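Asks: Below is one structure. I have some questions about it.
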Amino acid sequence: MQRNTFFKLTAALAAGLLLNATASAQTTTINVAAFADFAGPYANVMPEMQGGRLAVIEWWNKEVGSKLNAQIVVKTYDMRYDVAQTASLWPGIKAEVKPALVLGLGGPDAAALQQRLPEDKVVMLLGTAAYGFGWKPNQWALNLRPTYPHEAAAFLEWFRATKLEGKRPVKVAIITSEATPAYADMAKGLQSYTKANPDKASFVEAIWTEVQPTDLTLAVRRLVNAGTDVIVIQTNTAQAVATKRALQALGKNIPIMLSLHNGLAGSSKALGDPNGFAGDFEVGAIADASESDTTARKFYQLLQEKYGLKSTWNAMTVMGLGQTIVAVRAIEATIKSKGVGKVTGEAVRETLLASQFTGNDLMGILPGVDFNSDTPFPTGTAKVNIATMKDGKVFRSAGDVTVPTVPKW
C-alpha cells in the first residue's frame with residue numbers, strides 16, 4: 001500500500017514538473033498592426049516596403065524571439081494613405097488586434113491618430129521623415145528620421161557646397177499638395193529653413209497641385225524661368241513623374257531632390273524608364289539603397305537568402321527594413337527588461353524613450369535612434385545619405401551629411 005502510494009506521488013510530482021516546464025516554455029504572441037497603401041498613391045511601391053517589414057519579422061522570430069519564447073504576429077490593413085480611412089478603421093483594429101505597436105505608413109496615419117494614441121496607449125513607429133505638426137512633446141507617434149525639411153536642408157547645404165562651390169544661395173522650389181497635412185507641411189518647413197538661412201538658400205515658389213497630377217508643364221516653366229537650381233519633391237512618385245515629364249517637354253534639366261518613398265528607382269519605374277531620373281537625387285536619414293557594400297546591404301542579402309525577402313534593393317525596401325528593425329529591437333528590449341508577458345504599447349514606448357539603439361543594433365539600416373519626450377524623432381544621431389542615379393543604378397553621392405538646425409514652424 002505504501003509502495004503504491006509512493007509511486008502515485010512520484011508520478012504526480014513528475015507530471016506536475018512536466019506541466020510547469022511546458023508552461024514556462026510556452027510561446028507568447030506579441031501582436032503588431034501594420035498600415036499599408038495598396039490602392040492609393042503608394043500602391044506601386046508598397047509591396048517593396050511590406051516585403052522588407054515581413055522579412056525582418058521572420059528573421060527576428062527565428063533568430064531572437066525563439067530564444068525569448070516570443071513570436072511577433074503582424075496584421076496588415078490597407079489605409080489607402082487616407083486620413084479618414086485610418087481614423088475610421090482604427091477603433092476596430094485596436095479592439096481586434098490589441099497591438100503592442102503600430103507600423104504606420106505616413107502623414108495621414110500620424111494626422112489621424114496623433115490625438116488618439118496617448119489615450120489608447122499604443123505607440124506608432126513611422127519609417128518616414130517627421131512632420132512639423134507632430135513636433136510636440138509627449139508624442140506616441142514616433143518617426144525614425146528627422147523632418148522632411150531637415151533632410152532637404154541637409155541636401156541643400158551639401159548641394160551649395162559641392163555644386164555651387166559655396167558661392168551663392170541655392171534657388172529652391174518645391175512641388176507639393178494641400179490634399180494632406182503632411183504634404184503641406186513639407187513646404188512650410190522648407191520655407192522656415194530658407195527664411196532663417198538667406199545666405200544658403202532662397203525660396204523660389206511652392207507649386208501646389210493634385211496628389212496625382214497629369215500635367216505640370218506650365219508650373220514647371222515658371223520654375224525654369226526663375227532660374228531654379230533644385231526642385232524638391234518629397235511627396236510621391238506621381239508628382240515626381242509629372243515634374244520629370246514637364247522638364248523633358250521643356251528640354252530642361254533641373255536636378256530633382258526626392259525622398260525615399262518616392263526615390264530614384266521607384267520613380268524611374270513609374271516613369272517607364274529604368275534610368276529616367278539619372279542625375280537626380282534621393283535623400284534620407286537612413287541607409288541608401290546604393291550599390292555600395294554596406295552593413296545594411298549585407299543584412300538585406302541575408303534576409304534574401306534565408307528569410308524569404310523578395311523585395312528588390314531600393315529605398316522603399318530600406319524603409320520597411322528600418323521601421324521594423326527598430327520595432328523588433330524595442331519589443332526585444334521590453335521583453336528583457338519587463339518580461340515577455342508585459343509587452344504593452346505603453347511599455348514599448350517607455351523602452352523607446354529610454355533607449356539609445358546603435359547602428360549595430362539596427363543592422364546598419366539606421367545610424368542610431370534616440371528619442372526623448374520633447375522630440376518625437378532622432379536628433380543627435382541623425383545624418384543623411386545622398387544618392388544619385390547613373391545607367392539605371394543608384395550610387396552614393398555623399399554619406400553621413402550633417403543635418404542642420406531648422407527653426408520650428
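Asks: Say each of N372 and D391 gets a label point 7 Å from the Cα, pointing the same way as Cα to Cβ; how far apart are those two points in nm?
Replies: Between N372 and D391, the simple spin-label model gives 4.7 nm.
Asks: Using each residue's phi in region 184-194, evaluate 6.51 cos²θ - 1.76 cosθ + 1.60 at θ = phi - 60° and report the 3J(HN,Hα) Karplus result to the nearest Hz, with x for Gly and Pro.
Replies: 5, 4, 4, 5, 4, x, 5, 5, 4, 5, 5
Asks: When L264, L117 are ordered from fewest to most other Cβ atoms inside 10 Å of their Cβ, what list results?
Replies: L117, L264
Asks: Right, next: Provide D215, D370 in ascending order of the number of other Cβ atoms located within 10 Å of each residue's Cβ, fewest first. Could the numbers behind the result be given before it?
Replies: On the way: D215 12, D370 17.
Ranked by crowding around the Cβ, least crowded first: D215, D370.
Asks: Tell me the relative contact order for region 219-279 as a rounded percent, counting alpha carbon contacts under 8 Å between residues six or more apart. All intermediate terms of the calculation are to be shown ahead of the outcome.
Replies: On the way: 63 pairs, mean separation 21.9, N = 61.
In percent, rounded to a whole number, it is 36.
Asks: Determine by what factor the alpha-carbon radius of gyration of the chain differs from 2.2 N^0.38 Å, reporting the quotient.
Replies: Ratio of Cα Rg to 2.2 N^0.38 Å: 1.09.
Asks: Just want to confirm a number: the relative contact order over the chain, from Cα pairs under 8 angstrom separated by 6+ residues, in percent.
Replies: Averaging sequence separation for qualifying contacts and normalising by length gives 20 percent for the chain.
Asks: Can you tally the net charge around V340? Count Lys and Arg as +1, Asp and Glu as -1, for every other residue whose Cβ sits under 14 Å from the Cβ of V340.
Replies: +3
Asks: In sequence order, what are the phi-derived ³J(HN,Hα) couplings for region 70-82 according to the Karplus relation 6.51 cos²θ - 1.76 cosθ + 1.60 with θ = phi - 60°, rounded to whole Hz, with x for glycine and proline?
Replies: With coefficients 6.51, -1.76 and 1.60, one gets 9, 9, 8, 10, 10, 10, 9, 10, 7, 9, 6, 6, 9 Hz.
Asks: For each of D400, D185, count neighbouring Cβ atoms within 10 Å of the residue's Cβ, then give the residues from fewest to most.
Replies: Exposure proxy ranking, most exposed first: D400, D185.
Asks: Taking amide H positions as placed 1.01 Å from N in the peptide plane, with prolines and chain starts having none, which residues 5 or more places from A201, or on another chain, fall under 5 Å of its amide H?
Replies: Answer set, sorted by chain and number: V170.
Asks: Then there is this: Apply 1/(1 + (r/R0)^6) to the Cβ-Cβ distance of E96 and Q301, taking R0 = 35 Å, and write down the FRET efficiency to the nearest 0.05.
Replies: On the way: r = 36 Å, r/R0 = 1.02.
Efficiency, from the Cβ-Cβ distance: 0.45.
Asks: Related question: Based solely on its DSSP helices, what 222 nm [θ] is calculated for the chain when runs of n ≥ 4 H residues each add -39,500 (n - 2.57) and the sum is averaged over all residues, nearest 500 deg cm²/dmol? Each step should come with its number before you reach the end.
Replies: On the way: 13 runs with 172 residues, N = 409.
Taking each H run of at least 4 residues, the total per residue is -13500 deg cm²/dmol.
Asks: Roughly what percent of Cα-Cα pairs across region 170-229 reach past 15 Å?
Replies: More than 15 Å apart: 51 percent of the Cα pairs in region 170-229.
Asks: Under a 5 Å amide H to amide H cut-off, with H placed in plane at 1.01 Å, what residues pair with L101 once short-range neighbours are removed?
Replies: A33
Asks: Still on this structure: How far apart, in nanometres, would the label points at T27 and T214 be if each is projected 7 angstrom from Cα along the Cα-to-Cβ direction?
Replies: A separation of 5.2 nm, rounded to one decimal place.
Asks: Right, next: Which ³J(HN,Hα) values, rounded to whole Hz and listed in residue order, are derived for region 370-384 from phi using the Karplus coefficients 6.51, -1.76 and 1.60 in 6.51 cos²θ - 1.76 cosθ + 1.60 with θ = phi - 60°, glycine and proline given as x?
Replies: 9, 8, 8, 5, 8, 10, x, 8, x, 10, x, 9, 6, 9, 9
Asks: Hey, another quick one. Suppose R0 equals 30 Å. What FRET efficiency, 1/(1 + (r/R0)^6) with r the Cβ-Cβ distance, do N138 and E165 give to the nearest 0.05?
Replies: Working: r = 44 Å, r/R0 = 1.46.
Plugging the Cβ-Cβ distance into 1/(1 + (r/R0)^6) gives 0.10.
Asks: Further, regarding this structure: Going by amide H atoms built from the backbone, whose H comes under 5 Å of the H on T76, apart from near neighbours?
Replies: Distant-sequence amide H within range of T76: A34.
Asks: From zero up to wherever the largest Cα-Cα distance of region 255-384 sits, split into 10 Å bins and tell me the percent of pairs in each.
Replies: Answer for region 255-384: a P(r) of 12, 36, 32, 15, 4, 0 percent.
Asks: Have a look at F133, F35, F371 and tell me which one the Gaussian network model of the chain (Cα, springs below 10 Å) gives the largest fluctuation.
Replies: Ranking F133, F35, F371 by mean-square fluctuation puts F133 first.
Asks: Hey, another quick one. Using the scaling law 2.2 N^0.38 Å as the reference, what is the normalised Cα Rg of region 38-123?
Replies: 1.18
Bear in mind that the values in this text are calculations on the coordinates, not laboratory data. Bear in mind that the values here come from a model prediction, so they are computed numbers and not experimental data. Positions of Cβ are backbone-derived with ideal geometry, glycine not excepted, and every protein chain shown enters the neighbour counts.
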